[in-house]
Amino acid sequence: MNFLQALLIGILHGVTAFLPVSSSGHAGLLENLWNIRAPENLFFEVLLHTAALSAVIVTFWSDIRRILAEFILIIMDVLTNIRIYIENKKNGGEKRYQKIGGTNYRKMTLLLMTSVIPMSILGFLSRNLAEIAFGSFPAIGIGMMISAILLLVTDNISAGDKIPRNMTYDNAMWMGICQGIAVFPGISRVGISMSISMLCGLNKKAAVKFTFLMGIPAAAGALILELGQVGRLSLSGRQMAYYMAGAVAAGVTAFFLIKYMVKYLQRAKFRGFACYSFLLGIAAIVCNFLR
């Protein structure tokens, strides 16, 4: 991969990262068309996701700050409850436990913690399979067609009225599973998360926010996993510089587009994106037989 290719892939990733189309699928298609096939491709993809999601951190920083504060308070309350349990057992007392749930942000934090569990397990177990799929036109094409079907289903669902406080932990678990499935190129992380969110009855505004916030631990976990593999990759200093340039391009593009995308997704119809993904998926499969 040369500098220009890395830059173009980064910009395309930044444009598609917050749309219900697969940013990894688009990157994979370009890399396959340019015959860029290397074990390092998945590492580059993770860098692009992480850079693009830095825009999410900036945009939702006030929410993230409160969620982090609630996370610390939850840990403290759990430790306090353990101490109270031990004291009650020893002394036969009936001291009341700290309430773990409560405010909107406390509930959202617990929901995000719940979604991280299946998301992390699926992401870890499917890494090698995702790496193989990333270099395959048919796999990317099938992923895009699956995304298209989900978007069509979502477009025909009446908007719900739930906010995160009304969500169940089962809802969060399913959303985490979908985030884990989205590790496969071609399946849109935003598309599948929005679909399951609306199937669970969330309104679009809540679905967009929860989808983007879920993407942060997903990207962080993937980056940690890939950094552990860097020593096994044959990356030259020049290639790493190209990858970083692509990541910067993705981050800058995402930063300038995210506020518009957040507002757009809250009112958008997904039918057009579904048709686009389906046609691109077919084109990807056809390209495999024409090469």
*Which whole-Hz ³J(HN,Hα) couplings does segment 253-267 yield from phi under the Karplus relation 6.51 cos²θ - 1.76 cosθ + 1.60, θ = phi - 60°, glycine and proline marked x?*
4, 4, 4, 6, 9, 4, 5, 5, 5, 4, 5, 5, 5, 6, 10
*With a ≥ b ≥ c the root eigenvalues of the C-alpha gyration tensor of segment 105-213, is it rounded (a/c under 1.5), prolate (a/b larger than b/c) or oblate?*
oblate
*Expressed in nm to one decimal, what extension gain is obtained for the pair Asp170 and Thr103 from 0.36 nm per residue of sequence separation less their Cα-Cα distance?*
22.2 nm
*Over the chain, calculate the relative contact order: mean separation of alpha carbon pairs under 8 Å at least 6 apart, over the residue count, as a percent.*
36
*For the pair Asn35 and Ile132, what calculated FRET efficiency results from E = 1/(1 + (r/R0)^6), where r is the Cβ-Cβ distance and R0 = 22 Å, to the nearest 0.05?*
0.85
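Once you have a ≥ b ≥ c as the square roots of the Cα gyration tensor eigenvalues for the chain, tell me rounded if a/c is under 1.5, and otherwise prolate or oblate according to whether a/b is larger than b/c.
Here the chain falls in the prolate category.
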*asked:* If you count only protein heavy atoms with a 1.4 Å probe, what accessible area per residue comes out for the chain, rounded to a whole Å²?
replied: 49
*Quick one: Cα centre-to-centre distance for segment 153-230 and segment 244-266, in angstrom?*
18
*asked:* From the phi angles alone, apply the Karplus equation (6.51, -1.76, 1.60; θ = phi - 60°) to segment 120-135 and give each ³J(HN,Hα) in whole Hz, x where the residue is Gly or Pro.
replied: 5, 5, 5, x, 5, 6, 9, 4, 5, 5, 5, 5, 5, 5, 4, x
*Mind listing the long-range amide H neighbours of Ser188? Cut-off is under 5 Å, sequence gap 5 or more, other chains count too, H placed in the peptide plane at 1.01 Å from N.*
Ser22, Ser147
_Quick check on packing: order 60-67, 135-142, 181-188 by the mean number of other C-beta atoms within 10 Å, highest mean leading._
181-188, 135-142, 60-67
_Among Val286, Phe134, Thr154 - extreme Cα towards positive end, dipole of the chain, charges at beta-carbon_ = Thr154
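Using the Cα centre as the reference, give the magnitude of the dipole from point charges on the C-beta atoms of the chain (Lys, Arg: +1; Asp, Glu: -1; all else neutral), rounded to the nearest 20 debye.
820
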_Give me, ordered by chain and number, the residues 5 or more places off Tyr97 or on other chains with an amide H under 5 Å from its own placed amide H._
none
_Distance (nanometres) between label positions extended 7 Å along Cα→Cβ at Phe256 and Asn81_ = 4.8
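Please list Thr103, Thr80, Thr211 in order of solvent-accessible area, largest first, computed with a 1.4 Å probe with all protein chains present.
Working: Thr103 75, Thr80 35, Thr211 5 Å².
If we order Thr103, Thr80, Thr211 from most to least accessible, we get Thr103, Thr80, Thr211.
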_What does the C-alpha gyration tensor say about the overall shape of segment 1-83? Classify as rounded when a/c is under 1.5, otherwise prolate if a/b is larger than b/c, or oblate._
prolate
*Measuring from label point to label point, each 7 Å out along Cα→Cβ, what is the Leu290 to Ile57 span in nm?*
4.1
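The values are calculated or read from the model by the stated rules, or taken from the named source; none is laboratory data. On a predicted model such as this, the values are computed, not experimentally measured, just so you know. Glycine gets a Cβ as well: all are built from the backbone with ideal geometry, and neighbour counts include every protein chain shown. In case anyone asks, the SASA skips ligands and DNA or RNA and just uses the protein heavy atoms, side chains included. Shrake-Rupley method; radii C 1.70, N 1.55, O 1.52, S 1.80 Å.
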